[in-house]
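The values are calculated or read from the model by the stated rules, or taken from the named source; none is laboratory data. Please read all numbers here as calculations on a predicted model, not as lab measurements. We place every Cβ from the backbone using ideal geometry, glycine too, and count neighbours over all the protein chains shown.
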Amino acid sequence: MKIKSLVRDALEGAINIAGYDVEFAKKGVRELTAVDKKVWEPFCREIDRVRLYQQAMDITNMWDTDNFPRQLRFDSLQQTIQHVLQHNIAGDFAECGCWKGLSAYITCHYISEYGGGREFHIFDSFEGGLSDKTDQDDNLRYQLSEQEIVEEKLHFASTESHIHTALEGHDNYHLYKGWIPERFEEVIDTQFAFVNIDVDLYQPTKDSVEFFFPRLSSGGIVVCDDYNMSQFPGAKSAIDEFLHDNSGQVQYFYEVPMGGCIIIKR
Ligand SMILES: C[S@@+](CC[C@H](N)C(=O)[O-])C[C@H]1O[C@@H](n2cnc3c(N)ncnc32)[C@H](O)[C@@H]1O
């Protein structure tokens with residue numbers, strides 16, 4: 001009986017995801033190849049998290065950045081936020097690097113629904129990334145020409161109004177326009193529960209984790225979206241150095257298999 005119900009649940013899950021894939025394909029994004037389908041269909045994902053990701057993609061007009069690894073990183077992000085809120089970890093939320101507001105939209109949704117009056121602090125230059133590339137950011141597989149650097153910068157450029165549009169209706173967020181760490185001092189006395197670091201390069205990743213981790217509550221979480229992403233070796237170096245120097249403060253470190261990492265403070 002038990003085995004029967006397990007099989008039924010598994011089948012229903014697979015059907016759910018198959019349904020989701022059809023809807024996904026209707027959006028006009030990259031078609032799933034036969035191999036993709038074979039690899040991904042057996043995995044069931046929580047449909048509410050899938051829907052929120054889709055809404056965020058719609059609102060920020062970012063479907064051209066969609067792919068399965070990215071979906072999985074955003075699913076991890078959502079689960080991590082849910083964990084922090086469900087366990088009442090004290091403190092505000094922060095994001096370093098918001099671009100057009102995709103992750104900010106998702107984060108703000110959870111804070112507004114379940115955050116009980118927490119505030120959301122968002123830091124970005126609004127001038128794109130790659131400002132202060134260092135040697136740690138070089139990857140021989142991705143050596144960029146001057147022209148490519150200009151293009152990459154333009155690619156990541158956004159404006160504050162992108163964020164105001166994405167977060168319309170929420171009154172719990174603050175935007176800090178400027179190069180990290182210029183404006184961190186404005187939250188120097190704030191306690192944090194959750195910080196999402198997504199600034200691609202070594203120096204701002206290092207500045208962000210070094211500033212925010214000491215201000216995290218016990219059980220609070222830092223996510224770094226760029227960890228283990230081969231385009232951004234500097235982000236991994238910055239986090240690895242931090243972990244090496246602060247291992248006693250870390251309760252748990254998890255490398256998200258499709259990129260990104262999660263650090264839980266002891
Ligand atoms: C990959 S995007 C962030 C993506 C975003 N989290 C999302 O979910 O769509 C990286 C962002 O980091 C910002 N950024 C990079 N280096 C920065 C720095 N030194 N100071 C402030 N912002 C920076 C860029 O402007 C860009 O918006």
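Summary table below
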| quantity | calculated |
| --- | --- |
| Yes/no for ILE221 being among the β-branched types (Val, Ile, Thr) and in a helix (DSSP H, G or I) | no |
| Filter result for PHE194 (part of a helix (DSSP H, G or I) and either at pLDDT 95 or above or within 28 Å of GLY117 (Cβ to Cβ) (or both)) | no |
| Among (1) in contact (Cβ under 8 Å) with a residue 24 or more places away in the chain; (2) in a helix (DSSP H, G or I); (3) surrounded by fewer than 17 Cβ atoms within 10 Å (Cβ to Cβ) - the single one ALA90 does not satisfy | (2) |
| Residue pairs meeting the criteria (Cβ under 9 Å; at least 6 apart or on separate chains; first free of Cβ contacts under 8 Å to residues at least 40 places away in the same chain, in the stretch 52-80; second among the basic types (Lys, Arg) and in a helix (DSSP H, G or I)) | PHE74/ARG49; ASP75/ARG49; GLN78/ARG49; GLN79/ARG49 |
| Top-ranked residue in the stretch 129-148 [being modelled with pLDDT under 70 and not charged (D, E, K, R); ranked as nearest to the ligand (Cβ to nearest atom)] | GLY129 |
| Filter result (closer than 15 Å to CYS98 by Cβ, among the β-branched types (Val, Ile, Thr) and over 14 Å from the mean Cα position of the chain (by Cα)) within the stretch 49-74 | ILE59, THR60 |
| Unmet criterion (only one of (1) modelled with pLDDT of 95 or more; (2) touching a Phe, Trp or Tyr at 6+ places or on another chain (Cβ under 8 Å); (3) within 16 Å of the ligand (Cβ to nearest atom); (4) not β-branched (Val, Ile, Thr)) for SER125 | (1) |
| Unmet requirement for GLU241, which otherwise passes all of (1) over 27 Å from ALA90 (Cβ atoms); (2) more than 14 Å from the ligand (Cβ to nearest atom); (3) touching a residue at least 40 places away in the same chain (Cβ under 8 Å) | (3) |
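Table: residues versus (1) hydroxyl-bearing (Ser, Thr, Tyr); (2) over 23 Å from GLU241 (Cβ atoms).
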{"position": "SER145", "(1), (2)": "yes, yes"}
{"position": "LYS153", "(1), (2)": "no, yes"}
{"position": "HIS164", "(1), (2)": "no, yes"}
{"position": "GLU168", "(1), (2)": "no, yes"}
{"position": "VAL195", "(1), (2)": "no, no"}
{"position": "LYS206", "(1), (2)": "no, no"}
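Rundown of residues vs (1) farther than 17 Å from ALA90 by Cα; (2) outside the structural domain of ASN88 (by TED's automatic domain parsing); (3) surrounded by 23 or more Cβ atoms within 10 Å (Cβ to Cβ), yes/no style:
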position	(1), (2), (3)
GLU168	yes, no, no
GLY178	yes, no, no
ARG183	yes, no, no
VAL199	yes, no, yes
PRO204	yes, no, yes
PHE213	no, no, no
SER218	no, no, no
